[in-house]
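Bear in mind that the values in this text are calculations on the coordinates, not laboratory data. None of the values given here were measured: they were computed from a predicted structure. When we count neighbours, we look across all protein chains shown, and the Cβ atoms used for this are built from the backbone with ideal geometry, even at glycine.
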Amino acid sequence: AAMRRSLGPLLCLLALRLPAGSGAAARGLDVASYRERVRAMFYHAYEHYLESAFPYDELRPLTCDGQDTWGSFSLTLIDALDTLLILGNVSEFQRVVNVLQEGVDFDIDVNASVFETNIRVVGGLLSAHLLSRKAGVEVEAGWPCSGPLLRMAEEAARKLLPAFQTPTGMPYGTVNLLHGVNPGETPVTCTAGIGTFIVEFATLSHLTGDPVFEDVARKALKALWKNRSDIGLVGNHIDVITAKWVAQDAGIGAGVDSYFEYLVKGAILLQDKELMSMFLEYNKAIKNYTKFDDWYLWVQMYKGTVSMPVFQSLEAYWPGLQSLIGDVDNAMRTFLNYYTVWKQFGGLPEFYNIPQGYTVDKREGYPLRPELIESAMYLYRATRDPTLLELGRDAVESIEKISKVDCGFATIKDLRDHRLDNRMESFFLAETIKYLYLLFDPDNFIHNDGSDFDVVVTPFGECVLNAGGYIFNTEAHPIDPAALHCCRKRKEEQWEVEDLMREFYSQKKTKKFTLKRAPDHGEGENAKEPEDASSEKAGEKRNSKKSSHSLLSCPSQSFNSKLAVLGQVFLDNT
């Protein structure tokens, strides 16, 4: 029952659209003005990358040149692609799609991070592929089950598969894109580097029909679960050959973070009870052993004793993740703790000593990370608390004041004296700018509540897309969950409203429309009940057909909300 209570808000939240007119106006914050400032920040960074750094991976903003960092993929261009569409720039999106098709080659003798290549390259290409039609790209027949960006994502992912060929199924951290895993490669990988594949790899499997990607991602997730400690915690680094923990610090931050994130997001994306059950068990242990006064410390994974009383900036994703399981009150309390650190320094230092209330030696920098802004975006969608917009305001002011230089935005090397470093990571355009913009743009298509959607024809039938409920990978690349149901025929996925929708389609010639109400299959086509009564009755009928709700469903959910989250396929057999 407790699991059902926490999961109900989880999925409903994804389709949530609270009414406009929040407390922002009361506090005098001009949301539209900040949105345009964020747009200007993006183009200041993006244009200087194109002018000074392309085709290198990243811009070096202090010297106005470029460098390769993660594998020579023109990484910033891939990472920024879906941000262009979120900002409404379809012409540049289309241009970049052509540039990437012509210029990116994965058949190169380069040692690449398996984790980073997945979240930035595979994730970025998958997101851009699924958004291509919305961006006005002329897609090929069979889309979204085929397309050039999908083939590029698949090619990149196949280059990573040799890393998973270990006795445990947990991958090496580095792979050579031409030769596979190098002889002598270290078998020690961080937990996040093992457990952060299910979103991208399951999407690939569902779109291409090749199960190998989802299979290896699941095997890696389950290997970590199998090797948790007796008190339910995982450490920081593990030997992927022997499954022995090398670093036994347990927490929610660096080296672990996105493993927990992907259990939740994988559960939502795939409607997978097992993944959510795993996370909820971890969540209990995390609360029992690492949580103190709404902070989260690092502890020894077998004993639960405190090993590091520090807050890491990477941990700031946690309130956003809590909001996805409906734990909004705890999320806000932790968020406010983290916000006090931002106010103290004008950014989040990499490490913050909680008892001393100050930075940790050699960890004073802020590389323009997105995690606190990400949490603010999620929590604002759930609460409309104007404090969350104030964090966005402070982020814009701080980054512009401290980090902006002639050729872009530079990593802050030390928040105490505002010294800068000659690097602008690609996640600044992929994540930090994107989450800021979405925080200040409540009407963006990403926030679609499911009432508007597109129907596309695939070789497997008609498919609903762009209904909202997007799942962001850990690099903020949005994946449309509906797309996972477009590329295979599964009878069990046909809802009880299929007959209604077939009739609805026959009456509509257009392929884009707005759904106003959601009668149940059993109502009859001439039902005259009011909308609210209809929804209530539909909920009662669903209850009567099943003894209990699926743990990954919202009770008495209206059809358009359900569609936004699940995005199913409707087959026309008439």
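So how do 133-142, 107-116, 264-273 stack up, highest first, on mean other-Cβ count within 10 Å?
Working: 133-142: 14.6, 107-116: 17.2, 264-273: 22.1.
Result, highest mean Cβ count within 10 Å first: 264-273, 107-116, 133-142.
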Next on the checklist: Suppose R0 equals 41 Å. What FRET efficiency, 1/(1 + (r/R0)^6) with r the Cβ-Cβ distance, do Lys134 and Leu336 give to the nearest 0.05?
Outcome noted: 0.70
Checklist entry - Taking +1 at the Cβ of each Lys and Arg and -1 at the Cβ of each Asp and Glu, which of Phe440, Ile238, Leu420 sits farthest along the dipole of the stretch 54-490 towards its positive end, judged by Cα position relative to the Cα centre? => result Ile238
Item to check | Protection proxy ranking, peptides 168-178, 420-430, 117-127, average beta carbon neighbours within 10 Å, highest first | outcome: 117-127, 420-430, 168-178
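Please say if the stretch 54-490 is rounded, prolate or oblate, where rounded means a/c under 1.5 for a ≥ b ≥ c the square roots of the C-alpha gyration tensor eigenvalues, and otherwise the choice is prolate for a/b larger than b/c and oblate otherwise?
Rounded shape, in that the Cα axes give a/c under 1.5.
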Item to check | Spatial separation of Cα centroids for the stretch 129-178 and the stretch 242-296, in angstrom | outcome: 26 Å
Next on the checklist: Largest first and in whole Å, what are the equivalent-ellipsoid semi-axes of the stretch 271-371 based on the Cα gyration tensor, each being the root of 5 times an eigenvalue?
Outcome noted: 24, 17, 12
Checklist outcome for this item: Flagged as over-length at 31 Å C-alpha distance, from Lys265/Lys303; Lys226/Lys265; Lys219/Lys343; Lys159/Lys244; Lys219/Lys291, the pairs are Lys219/Lys343
